[in-house]
């Protein structure tokens, strides 16, 4: 029996490798030689930056970009081939390969290919770069994520793997780097470097930064003499770094600073990334249920703290996955920060219990639930008028969008939540 299982696993792995190799070959065939490829990586802010680049470049050029979270070694060729994942179905994968073969003979008629590049473990970026080599690389920040067994031992290892995007750029390429992140700013590259910053001198900076429930605003500076006003209906000052990176890409493509800022006036984040929703009993929800890590969770809590409301501020925080041996300590750190800005802290699943240990030390009301649905049922009974609820949690085994679904004032707004596709509704 054990031998049979080993043989099945080997066959499954062979099929996976065959599918991946085929997808990569077909994807490369679809790309025109003159298409400029933009790669975007980092521990946080990748999707925001990618979507902002789409918004800016899409105002002037023909573009194509990842949909949803298709940023992995499988997701990137599927993006280029305009196909969905076959998940674990061999039949679906065969259908995808057949359609992709036919599509590969028709080039993508685009000027720019915009790719978010996700890295979860050593070798991931290297695998992507063996297939595609961007000429413009964007590196946002390095944060403590993907630290579990089989992933990365520390921040330096994360920076090294993600930084391969920058070190492998061609000499006539462009590296767009975050001056505010020491690990990122020091990554070597043969390409021309452009730095952006919200804290330090750089080619592209921001000043007069403001934020409320209507969004963020700032004065954007390009060099010494060019400025423009940015006003965008997204929450979270921390998102400004991603917007500056996108503006840098726009400038490199020949779009003026004023036009870049104009393109972002009606920019909205994808579902589950700090979107403001109407909650039951005239409450408001800041929905960050898509994913969570220490860096993004701390930034979301800072956003909660800066918002004005006459009601309570409540933090509904799910376990942050893939933190390995540092998980308990990192959850406790976030618990301390939550206690500084929230009147009540609610933890969901696993190590979220450490949030509450720290919050309760500071006499903040805390509750723990094993499931998002249970937390949602509790909050549905207790949310009051003018309450402001922040929701932030990881994906696997947490799924806080299930709690948000219980708390919407208008059930039809469920379409605004993450993971509403058929697959996720059945898993």
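The residue of the range 43-58 that is surrounded by the most Cβ atoms within 10 Å (Cβ to Cβ), among those that are in a loop (DSSP other than H, G, I, E, B) and at pLDDT below 95, is 45.
Confirm whether residue 353 is in a helix (DSSP H, G or I), touching a helix residue (DSSP H, G or I) at 6+ places or on another chain (Cβ under 7 Å) and either modelled with pLDDT of 95 or more or closer than 19 Å to residue 417 by Cβ (or both). Criteria not met by residue 353.
Quick one: would you say residue 345 is crowded, with 24+ Cβ neighbours inside 10 Å and assigned to a loop (DSSP other than H, G, I, E, B)? Taking the combined requirement at face value, the residue does not satisfy it. Count of the range 116-163 residues, restricted to those that are on the phi > 0 side of the Ramachandran plot and under 19 Å from the mean Cα position of the chain (by Cα), is 1.
I'd like to check something: does the range 232-250 contain any residue that is without any contact (Cβ under 8 Å) to a residue 40 or more places away in the chain, over 26 Å from residue 43 (Cβ atoms) and outside any loop (DSSP other than H, G, I, E, B)? Scanning the range 232-250 turns up no residue that is without any contact (Cβ under 8 Å) to a residue 40 or more places away in the chain, over 26 Å from residue 43 (Cβ atoms) and outside any loop (DSSP other than H, G, I, E, B).
If you go through the range 181-200 and keep only what is in contact with a strand residue (DSSP E or B) (Cβ under 9 Å, 6 or more places away or on another chain) and modelled with pLDDT under 95, you end up with just 199. Of all residues in the range 382-409, those being part of a helix (DSSP H, G or I), within 13 Å of residue 314 (Cβ to Cβ) and out of contact with any strand residue (DSSP E or B) (no Cβ under 8 Å at 6 or more places or on another chain) number 1. Listed here are the helices (runs of 4 or more DSSP H) enclosed by the range 136-189 that have at least 2 residues being touching a residue at least 60 places away in the same chain (Cβ under 8 Å) and closer than 25 Å to residue 330 by Cα: 155-162. Give the number of residues within the range 97-120 that are touching a residue at least 40 places away in the same chain (Cβ under 8 Å) and out of contact with any strand residue (DSSP E or B) (no Cβ under 6 Å at 6 or more places or on another chain). Selection size over the range 97-120: 13.
A single entry from 393, 366 fulfils the requirement of being crowded, with 16+ Cβ neighbours inside 10 Å and under 24 Å from residue 68 (Cβ atoms): 393.
Might you let me know whether the range 305-312 holds any residue that is in contact with a helix residue (DSSP H, G or I) (Cβ under 7 Å, 6 or more places away or on another chain) and crowded, with 20+ Cβ neighbours inside 10 Å? Scanning the range 305-312, I find no residue that is in contact with a helix residue (DSSP H, G or I) (Cβ under 7 Å, 6 or more places away or on another chain) and crowded, with 20+ Cβ neighbours inside 10 Å, so the answer is no.
The values are calculated or read from the model by the stated rules, or taken from the named source; none is laboratory data. All values reported here derive from a predicted model rather than from experimental measurement. We place every Cβ from the backbone using ideal geometry, glycine too, and count neighbours over all the protein chains shown.
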